[in-house]
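All of the numbers you see were taken from the coordinates with simple rules; none came from a lab. Worth saying up front: this structure is predicted, and the values here are computed from it rather than measured. In this analysis, Cβ positions are derived from the backbone assuming ideal geometry, glycine residues included, and neighbour counts consider all displayed protein chains.
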């Protein structure tokens, strides 16, 4: 089960900002350790644990990265070039299977 927290600002640079749960919208969220340098949060209302990474609920990668990948694919770039560009621009290098999943969802195949 994927779990995420929604926030409009970087919580590490501004520790007094309001963080809300993406799942239930509650503001009863507390720090819950860290993973790979990202702060994890626990929602006291629904019990879900997540990171404030800017991704939509159920996704690990921010929507802007997915949008960039789709735009590059529409330009005709192969998966390997898309992976290289996303790695350079966003520091994220999704697998070929992940890219294929994103592009298949757009065409309505999944």
Spin-label point model (7 Å from Cα, Cβ direction): what's the residue 70 to residue 18 distance in nm?
-> 3.0 nm
Only Cα pairs under 8 Å and at least 6 apart count here; give the relative contact order of the range 63-107 as a rounded whole percent.
-> 36 percent
The value for the range 63-107 (convex hull of the alpha-carbon atoms, volume per residue, Å³) is 62 Å³
